[in-house]
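A quick write-up on the structure given underneath.
The values are calculated or read from the model by the stated rules, or taken from the named source; none is laboratory data. Remember, predicted model here, so these are calculated numbers, not experimental data. Note: ideal-geometry Cβ built from the backbone for every residue, glycine included; neighbour counts use all protein chains shown. Note: accessible area is taken over every heavy atom of the protein model, side chains too, but ligands, DNA and RNA are not part of it. Shrake-Rupley method; radii C 1.70, N 1.55, O 1.52, S 1.80 Å.
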Amino acid sequence: MSQRIFWIIITVLGLAFAGTTTALVVTLASDSGDETAIETAPRPGRVRGRVYDDYGNMVTAGIIVEDENGNQERLQTNYLGGYTLRLPPGEYRLHFTRGMQYSIVTEDITVESFKTYVLNDVRLVRLFDSRDYGYYPGDLHHHSTWSDGADDVDSVLLSHLSNTLYFGFLTDHNTASGLAEWMQGDRFAVDMTPTGDPVWFSPFLGNEVTTLYGHFNALGTGIVIPEWDIDVSKGDIPIEEVSYIADEIRRSGAVSVINHPFSRDELGFYFWEILDEFDAIEIWNGVYSPHGRENVQVREYWYGLLNDGRFFPAVSGSDNHSVRSPYNPNWLPANPTDDDLYHDDFLKMGRYTGMPSFYARIPDGTISLENVQYALMNGHGFMSNGILLFADVDGAEYGDTHSLNGNTTANLNLTAFGREGIDVIRIIHNGVVVEEIDVNAERHYENIIVIDSLEPGDWIVLESEGPMARYAITNPIFFD
Ligand SMILES: [Zn+2]
């Protein structure tokens with residue numbers, strides 16, 4: 001059969017089996033010889049360039065590549081801010097990013113086969129600096145190929161740097177295998193001081209103790225706890241094993257976190273009677289949207305604990321399993337509900353490293369394990385995928401207590417920043433929204449708000465929402 005007729009047949013077969021076209025063509029083409037297969041593969045073009053910060057330093061950055069059909073995924077520069085993308089022929093929109101506090105630069109480009117394009121230098125400008133308020137973002141929950149993540153440790157490190165995260169815990173399931181490489185990440189600059197000195201990334205040891213009766217982050221240890229393998233057929237009693245795991249995490253010097261407690265089945269947490277044996281609760285897991293049932297239920301449970309006078313510091317984690325977080329718009333049903341549209345915004349925003357970040361308050365700016373653990377265990381921080389919320393009552397910040405001294409009112413100093421704009425900031429007093437501030441899509445908001453009807457034992461938490469499923473929630477400020 002002539003090659004021409006052969007290809008017509010393949011094309012017809014391909015149309016007939018629309019869903020499996022690619023696999024079919026590849027199989028038949030390779031039957032006809034490698035040469036044909038190579039000739040018919042799409043030949044990429046190459047796109048090269050460099051990314052700088054506002055001081056003129058080359059910096060690691062993310063590049064969200066969006067094709068003409070709305071598919072997107074996040075690639076990244078190398079450690080020095082250079083990149084070479086190999087893209088199949090087509091039209092692309094490239095978004096250069098560096099996390100929540102930098103500008104985004106967007107470039108459109110048409111790529112042809114074999115061509116190499118050198119783009120103009122990209123300059124990402126810092127729009128806001130949480131360090132001015134003593135807060136440093138990091139990710140507390142991240143996977144790599146050493147367990148079920150899609151990316152090697154090198155890519156995970158780049159992902160932290162390219163999102164301007166100052167610290168990170170690698171938390172693969174029941175393994176320490178990636179940690180030796182992970183800890184080498186302290187030789188990479190994540191940022192510069194205003195005077196141009198490098199700020200080194202702080203990698204910390206961790207692992208996710210993963211059992212059939214819940215998942216628990218051990219933040220600050222490379223010890224793998226063998227009791228994760230709970231087997232009732234061998235006489236293991238799950239609650240006793242989980243209790244032992246919690247003790248063992250603490251004995252190893254790590255912070256113990258109950259992860260995604262309201263996920264279904266073995267991912268959830270069921271032994272609330274031994275809650276006190278843990279240090280913190282993951283109230284926001286980045287796999288789920290801020291409006292997702294799993295996150296909403298844990299927030300409500302946590303408010304209930306606070307109302308009972310029990311303070312468990314809240315933490316967040318991206319739980320990222322893919323730094324590229326590919327987005328495909330075709331998942332949306334024909335008649336999407338409001339929930340579908342919200343979830344689409346959430347997916348399109350990207351489940352990237354640091355989404356959400358824990359912004360740890362570290363007044364002296366030294367990002368050591370000791371300082372980060374202190375912030376985590378005392379609730380000195382807030383959680384965000386894009387809106388930054390800073391507040392204090394007479395100097396008492398998140399996790400602190402303000403003395404009312406017989407008064408029933410207090411002044412809350414509030415500063416907020418959101419690159420995409422802020423829709424609303426809510427003040428939650430003892431679990432009830434007492435004030436809803438309409439921010440009118442402003443990027444920067446500052447105000448002093450009077451909180452009244454305060455009594456000793458009360459607490460407030462702030463929450464904020466913005467476009468594209470942006471959300472932030474804080475740890476409490478207490479009153480006595
Ligand atoms: Zn987990």
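3J(HN,Hα) along segment 380-394, derived from phi through the Karplus expression 6.51 cos²θ - 1.76 cosθ + 1.60 where θ = phi - 60°, amounts to 7, x, 10, 10, 7, 10, x, 10, 9, 10, 10, 8, 8, 10, 6 Hz, with x in place of Gly and Pro.
Protein-only accessible surface at a 1.4 angstrom probe places the residues Ser464, Ser403, Ser243 in the order Ser403, Ser243, Ser464, largest first. Taking Leu332, Leu212 and ordering them by how much accessible surface each has at a 1.4 Å probe, largest first, produces Leu212, Leu332.
The Rg/Rh ratio of segment 83-231, with both radii computed over alpha carbons and Rh defined as the Kirkwood radius, is 1.06.
Seen from Val450, the other residues with C-beta closer than 13 Å to its C-beta sum to a net charge of -3, counting Lys and Arg as +1 and Asp and Glu as -1. Karplus-derived 3J(HN,Hα) values for segment 185-196, using 6.51 cos²θ - 1.76 cosθ + 1.60 with θ = phi - 60°, are x, 6, 8, 9, 7, 9, 6, 10, 6, x, 8, x Hz; glycine and proline are entered as x.
For segment 45-124, the normalised intensity computed at q = 0.15, 0.18 Å⁻¹ comes to -0.47, -0.68 (log10 of I(q)/I(0), Debye sum over alpha carbons, equal scatterers, no solvent). Taking amide hydrogens as placed 1.01 Å from N in the peptide plane, the amide H of Val190 sits under 5 Å from those of Val199, Trp200, Phe201, each at least 5 positions away in sequence or on another chain.
Under 5 Å between amide hydrogens, built in the peptide plane, is the criterion, and for Ser403 it picks out Asp480 among residues at least 5 positions away or on other chains. Modelled this way, with points 7 Å down the Cα-to-C-beta line, the labels at Arg93 and Trp272 are 4.4 nm from one another.
Out of all Cα-Cα pairs in the chain, roughly what percent, to the nearest whole number, are more than 40 Å apart? List each step's numbers first, then the result.
Details: 30192 of 114960 pairs.
Above the 40 Å cut-off, the chain has 26 percent of its Cα pairs.
Placing a label point 7 Å from the Cα of Arg293 along the Cα-to-Cβ direction, the residues of segment 226-268 with a backbone N closer than 15 Å are 261-268.
For segment 387-480, compute Rg over Rh where Rg is the Cα radius of gyration and Rh is the Kirkwood radius from the inverse mean 1/r over Cα pairs.
0.98
For Gly149, list long-range residues whose amide hydrogen, built 1.01 Å from N in the peptide plane, is under 5 Å from its own amide hydrogen. Hits under the 5 Å cutoff: Ser144. The angle between the Cα long axis of helix 21-31 and the main principal axis of the chain comes to about 50°, on a 0 to 90 degree scale.
Net charge dipole, segment 361-427: roughly 160 debye, given to the nearest 20, about the Cα centre with Cβ charges of +1 for Lys and Arg and -1 for Asp and Glu. Remark: spin-label model distance Arg251-Ser113 equals 6.4 nm, labels positioned 7 Å along the Cα→Cβ axis. Just the protein heavy atoms count here, and of the accessible area of the chain at 1.4 Å, carbon and sulfur take up 50 percent. Multiplying the residue separation of Asn330 and Ser453 by 0.36 nm and subtracting their alpha-carbon distance yields 39.3 nm.
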